[in-house]
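Okay, so here's the structure we're looking at.
Computed from the coordinates by the stated procedures, all read-outs in this text should not be read as laboratory data. Nothing here was measured: the structure is a model prediction, and the numbers come from that model. Counting neighbours? That spans all protein chains shown, and the Cβs are built from the backbone with ideal geometry, glycine included.
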Amino acid sequence: MEVKNLNINLDGNTILKDLSFQVKEGGILTILGPNGAGKSVLLKTLLGLLPYKGEIIWHGKPKIGYLPQGLSQLSVKSYPLSVADFFSLKNPAPSSEEIIKFLDFVGLDKSILGKKAGNLSGGQFQRMLIAWVLVSHPQVIVLDEPTTGLDIGGGETIYSLLQTIWKKENLTIFLVTHDLSIVYKNSTNVLCLTHKREVCYGKPSDILNSETLEQVFGTEVKIFKHNQ
């Protein structure tokens with residue numbers, strides 16, 4: 001996909017200005033930036049959910065799966081939804097065989113289908129959400145901070161799972177995260193956004209250094225490389 005001279009204005013405020021970048025099929029683009037820099041707004045705009053000026057070109061019109069920010073087991077705790085009910089909300093609803101296949105793919109047993117979604121652990125719920133996205137067989141998945149609310153170990157497990165899925169399914173992934181170690185290990189390209197609307201874009205090894213990260217986050221960031 002290609003983005004050319006993208007401008008996003010909401011309620012009279014300029015969110016992003018003259019933004020251009022591209023993502024090749026099978027790539028992982030990670031979007032970095034401080035809170036309020038426009039990362040989630042950018043994802044929603046790419047999905048056609050918000051107005052914009054400029055060009056957003058999806059080549060081949062791929063099927064897209066979207067996991068928005070803020071979904072957790074706590075956000076559905078008050079709803080009497082089982083995991084099976086949660087999957088039935090998709091349109092069209094997937095078959096039981098497909099649901100079980102993708103639950104197994106993310107390491108969850110089919111017995112979880114009868115459990116209340118809000119009673120799952122944080123890690124189980126995030127795995128379920130990834131299965132929920134994948135069951136529609138998308139070519140592109142858009143993930144907005146998919147490990148919010150998880151501890152470090154849980155977050156690493158989810159990112160490891162995503163890396164496995166990416167390799168096996170040849171997906172194109174758009175990812176918002178604050179985890180710099182994941183950016184270096186898994187991303188093919190990085191897009192940096194700041195409150196000043198300055199942008200850097202390229203391969204992690206080429207553009208991510210202490211100076212760039214300090215410009216993006218507004219504070220000193222030190223990088224340590226571990227030689228295996």
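Assigning unit charges at the beta carbon (Lys, Arg +1; Asp, Glu -1) and nothing else, what dipole magnitude in debye, to the nearest 20, does the range 1-59 show about its Cα centre?
Numbers: 6 positive and 5 negative charges, 15 e Å.
Using only the charged Cβ atoms, the result is roughly 80 debye.
How much of the DSSP bridge set in the chain is antiparallel, in percent, rounded to the nearest 5?
Working: 15 of 32 bridges.
Among the beta bridges of the chain, antiparallel pairing accounts for roughly 45 percent.
Tell me whether the range 83-126 comes out rounded, prolate or oblate; compute the Cα gyration tensor, take square roots of the eigenvalues as a ≥ b ≥ c, and use a/c under 1.5 as the rounded threshold. Walk me through the numbers before you get to the answer.
Numbers: a/c = 1.88, a/b = 1.29, b/c = 1.46.
It is oblate, given that a/c is not under 1.5 and a/b is not larger than b/c.
What value, in deg cm²/dmol to 500, does the helix sum -39500 (n - 2.57) over DSSP H runs of n ≥ 4 give at 222 nm once divided by the residues of the chain? Let's see the in-between values first.
Details: 8 runs with 74 residues, N = 228.
Calculated at 222 nm, the ellipticity per residue is -9500 deg cm²/dmol.
At most 13 other Cβ atoms within 10 Å and a DSSP loop assignment: could you name the GluC sites (Glu not before Pro) in the range 1-110 that fit?
Hits after loop and neighbour filter: Glu25.
Along the charge dipole of the chain, Cβ charges K/R +1 and D/E -1, which of Ser72, Pro51, Val135 sits furthest on the positive end?
The Cα lying farthest towards the positive end belongs to Val135.
About the Cα centre of the chain, how large is the charge dipole given +1 on each Lys and Arg Cβ and -1 on each Asp and Glu Cβ? Please answer in debye to the nearest 20.
Magnitude of the dipole: close to 280 debye.
So how much slack lies between Leu10 and Ser75, counting 0.36 nm per residue of separation and subtracting their Cα-Cα distance, in nm? Working shown, then result.
Numbers: separation 65, 0.36 × 65 = 23.40 nm, distance 2.64 nm.
Result: 20.8 nm gained on full extension.
Sorted by average packing, counted as other Cβ atoms within 10 angstrom per residue and highest first, what order do 115-123, 103-111 take?
Values: 115-123: 17.3, 103-111: 15.4.
Top to bottom by mean Cβ count within 10 Å: 115-123, 103-111.
Looking at the calculated P(r) for the chain, what percent of the C-alpha pair distances fall above 32 Å? Please report the intermediate quantities before stating the final value.
Details: 5630 of 25878 pairs.
The answer is 22 percent, as a whole percent.
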